[in-house]
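Asks: Have a look at the structure that comes next, please.
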Amino acid sequence: MRYSNLLKPFGLIAGLSGFIAMITASVSAMAATPEPWQMGLQEPAGSIAEKATDLHNLLLIIITAISVFVLALLIYVCFRFRESKNKVATKTTHNPLIEVIWTVVPVIILVVIAVPSFRLLYYQDRTDLADMVVKVTGAQWYWSYEYPDEQLAFDSYMIEEEDLTEGQQRLLEVDYPMVVPEGTRVKLLIEGVDVMHSFFVPSLAVQKYTVVGRTNETWIDVPMGVTTYYGQCNQICGTNHSYMPIVIKAVSAEDYKIWLEGAKEEFATGPIAPSAVELASVE
């Protein structure tokens with residue numbers, strides 16, 4: 001169920017957020033990037049991002065309703081029980097009906113939130129249906145990508161501001177992006193070699209920490225369409241923390257084959273041995 005259309009009755013904030021999201025979606029049809037003065041989430045790409053956006057919108061409705069109710073209740077109490085109208089304070093200490101209501105209603109709200117939350121969590125954990133595998137390693141301060149099935153690996157560094165060409169995004173462009181074919185489910189193996197980093201791409205709703213000595217798993221489903229998805233490490237990992245962007249470039253199947261041929265010549269590694277963590281998980 002999509003909850004986006006339910007936001008309309010809940011005031012100016014939700015309406016304005018939806019309006020700006022619509023404008024930014026049309027502007028950034030070919031690149032999933034943050035936009036100036038953007039208030040809403042980036043346009044979701046893939047089923048995970050769509051489900052996460054739906055959950056966000058549902059929570060926005062719930063929290064708005066709770067906030068409005070509590071504000072109205074406070075205003076009513078301040079007016080109804082003001083000192084000028086109540087010279088003698090009430091001696092009431094218990095109200096069974098109210099106590100039952102303020103216990104049962106929060107439980108119902110939590111159940112309403114828990115059902116889609118757990119559904120999304122379990123959906124994100126399904127890494128067994130991937131079409132391809134990419135191993136991502138975070139380092140100070142760059143990313144490394146390995147394609148185990150294709151026996152190639154390369155490092156990805158941010159392009160310095162003075163080297164940017166017209167149309168490129170400041171602090172977001174890299175020399176070698178992670179390239180995947182459109183319409184593909186990609187399993188990501190996330191590792192680290194020094195401190196903790198965070199592999200975070202908002203439009204794909206993926207965020208996973210890199211931990212030394214541990215391989216974390218997640219997956220993304222890149223939808224159809226030639227698009228460039230931008231992200232950054234959002235873990236404070238050192239002085240150049242803000243200078244290790246992530247670029248995932250979705251291309252057509254034909255262009256991916258062409259890129260793969262060139263990448264195998266430039267980045268060939270030979271057979272990639274599994275890490276100690278992967279071997280331990282198999283045993």
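Asks: Restricting to the range 152-177, give me the number of residues that are under 18 Å from Ala250 (Cβ atoms) and either outside the structural domain of Gly138 (by TED's automatic domain parsing) or under 21 Å from the mean Cα position of the chain (by Cα) (or both).
Replies: The total comes to 6.
Asks: Could you count how many residues in the range 62-95 are in a loop (DSSP other than H, G, I, E, B) and over 29 Å from Val111 (Cβ atoms)? If you could, list the steps in order and put the result at the bottom.
Replies: We begin by selecting, within the range 62-95, every residue in a loop (DSSP other than H, G, I, E, B); these are 81-95.
Right, trim to over 29 Å from Val111 (Cβ atoms) and you get 81-93.
Qualifying residue count, the range 62-95: 13.
Asks: When the residues of the range 39-50 are narrowed to those that are buried (at least 16 other Cβ atoms within 10 Å of the Cβ) and either within 19 Å of Leu110 (Cβ to Cβ) or touching a Ser or Thr at 6+ places or on another chain (Cβ under 7 Å) (or both), which ends up modelled with the highest pLDDT?
Replies: Ala49
Asks: List pairs: first in the range 121-136 and in a loop (DSSP other than H, G, I, E, B), second aromatic (Phe, Trp, Tyr), Cβ under 6 Å, 6+ apart or cross-chain?
Replies: Thr127/Trp219; Ala130/Trp219
Residues checked against (1) touching a helix residue (DSSP H, G or I) at 6+ places or on another chain (Cβ under 8 Å); (2) under 18 Å from Val226 (Cα atoms); (3) touching a residue at least 60 places away in the same chain (Cβ under 8 Å):
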residue: Met39; (1), (2), (3): yes, no, no
residue: Gln42; (1), (2), (3): yes, yes, yes
residue: Ala45; (1), (2), (3): yes, yes, yes
residue: Ala49; (1), (2), (3): yes, yes, yes
residue: Asn57; (1), (2), (3): yes, no, no
residue: Ile61; (1), (2), (3): yes, no, no
residue: Ser67; (1), (2), (3): no, no, no
residue: Val70; (1), (2), (3): no, no, no
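Asks: Only one of Val247, Val222 is of a type in the set (Val, Ile, Thr), buried (at least 18 other Cβ atoms within 10 Å of the Cβ) and in contact with a Pro (Cβ under 6 Å, 6 or more places away or on another chain); which?
Replies: Details: Val222 fails: in contact with a Pro (Cβ under 6 Å, 6 or more places away or on another chain).
Just a single option satisfies the conditions, and that option is Val247.
Each row is one residue, and each column tells you yes or no for (1) at pLDDT below 95; (2) surrounded by fewer than 10 Cβ atoms within 10 Å (Cβ to Cβ); (3) touching an Asp or Glu at 6+ places or on another chain (Cβ under 6 Å); (4) more than 20 Å from Ala49 (Cα to Cα).
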| site | (1), (2), (3), (4) |
| --- | --- |
| His94 | yes, yes, no, yes |
| Leu97 | yes, yes, no, yes |
| Leu120 | yes, no, no, no |
| Tyr145 | no, no, no, yes |
| Ala153 | yes, no, yes, yes |
| Leu164 | yes, no, no, yes |
| Glu173 | yes, no, no, yes |
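Asks: Just one of the numbered conditions (1) crowded, with 19+ Cβ neighbours inside 10 Å; (2) at positive phi is not true of Pro202; which one?
Replies: (2)
Asks: Kindly provide the set of residues from the range 178-209 that are assigned to a loop (DSSP other than H, G, I, E, B) and either modelled with pLDDT of 95 or more or farther than 26 Å from Asp255 by Cβ (or both), ordered by number.
Replies: Val193, Asp194, Val195, Met196
Asks: All but one of (1) surrounded by 12 or more Cβ atoms within 10 Å (Cβ to Cβ); (2) under 30 Å from Ala253 (Cβ atoms) hold for Asp128; state the number of the condition that does not hold.
Replies: Condition (1) is where Asp128 drops out.
Asks: How many residues does the range 144-177 contain that are closer than 17 Å to Ala268 by Cβ, of a type outside the set (S, T, N, Q) and either in contact with a Leu (Cβ under 8 Å, 6 or more places away or on another chain) or not in a loop (DSSP other than H, G, I, E, B) (or both)?
Replies: Total meeting the criteria: 8.
Asks: Shifting gears a bit: Just the residues that are within 15 Å of the chain's Cα centre (by Cα) and assigned to a loop (DSSP other than H, G, I, E, B), please, taken from the range 224-252.
Replies: The first filter runs over the range 224-252 and keeps only residues within 15 Å of the chain's Cα centre (by Cα), leaving 229-235, 245-248.
Selection gives Cys233, Asn234, Gln235.
Asks: Here is a follow-up. Select from the range 217-240 the residues that are within 17 Å of Glu50 (Cα to Cα) and among the acidic types (Asp, Glu) and list them in ascending order.
Replies: Across the range 217-240, the qualifying residue is only Asp221.
The values are calculated or read from the model by the stated rules, or taken from the named source; none is laboratory data. Since we're looking at a predicted model, the values are computed, not measured. For neighbour counting, all protein chains shown are included, and Cβ atoms are generated from backbone atoms with ideal geometry for every residue, glycine included.
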